[in-house]
Amino acid sequence: VDDGSLDGSPELLRQYASGRRNVKLLEQPNAGQAAAINAACKASSGEIVGLLDADDTFSRDKVTAVVQSFQANPGAGFCIHSLNPVDAAGKGAGPAVPRFLERGWIAEQALRSGGKTSLPPTSGLSFRREVAEAILPVPTALRICADGYLREAAQLITEVTAIDRALGTYRIHGSNLRGGGRLEAKRLQHVLRSEEHTSELQSH
């Protein structure tokens, strides 16, 4: 999804997508990260939804590793892995984030800590389709940090499977915001409705 880029990205993306049936390019006026994620997920059709933020990268074996992790953990609907931070020039900028990965059923822990659990940024998140559909759409007011909403919601409705190695890069820049705020009542109500929806999907 190109979210109204002004740096020549649309032209490059059109060239890349041309003739590639497995690439679907969506272009929209600038509306922020949440709107872009919503549009991408709505247009996708796979059993697993993996997110890649604009300035991050995936390792070549990332998709295979995520699929294998879900296959090995059929009860998990949320897969995570760490990312290697890099600076604007692509050079290493510190240890992998996060250093510790949560796994299993962590909903109670998340509620006790106000949502403060050890989960990666956007490009380290993947979801089974039924979980993605249960927690989407992300409120479009979240022009940035939409990944915080996704992390908070997913950790409350499904088990987490974790891959113990970095499977991509996370570019550090002035606008990075890691972590996010505490769980709010309004957001929690949405998550609880999502859990009910997920249970209905899993029973079919």
FRET efficiency, Asp7 to Lys91 (Cβ-Cβ, R0 22 Å, nearest 0.05): 0.55
Gained length - Asp55 relative to Phe100, 0.36 nm times residue gap less alpha-carbon distance: 13.9 nm
Ratio of Rg to Rh over segment 1-128 (Cα coordinates, Kirkwood Rh, two decimals): 0.98
Lys116, Lys42, Lys62, reordered so the largest accessible area comes first (probe 1.4 Å): Lys42, Lys116, Lys62
Point-to-point label distance, Gln15-Ala141, nm (Cα→Cβ direction, 7 Å offset): 4.1
In segment 11-116, GluC sites (Glu not before Pro) in a DSSP loop with at most 13 other beta-carbon atoms within 10 Å: Glu47
Accessible area (Å², per residue) of segment 89-179, counting only protein heavy atoms and a probe of 1.4 Å: 44
Sulfur and carbon atoms: percent of accessible area, segment 1-42 [1.4 Å]: 52
Residue-level accessible surface for Leu12, protein heavy atoms, 1.4 Å, Å²: 120
Percentage relative contact order, segment 1-159, counting C-alpha pairs under 8 Å, at least six apart: 30
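The values are calculated or read from the model by the stated rules, or taken from the named source; none is laboratory data. The structure displayed is predicted, hence computed values, not measured ones. Please note: Cβ atoms are built from the backbone with ideal geometry, for glycine as well, and neighbour counts cover all protein chains shown. These area figures cover heavy atoms from the full protein model, side chains too; ligands, DNA and RNA do not enter into them. Shrake-Rupley method; radii C 1.70, N 1.55, O 1.52, S 1.80 Å.
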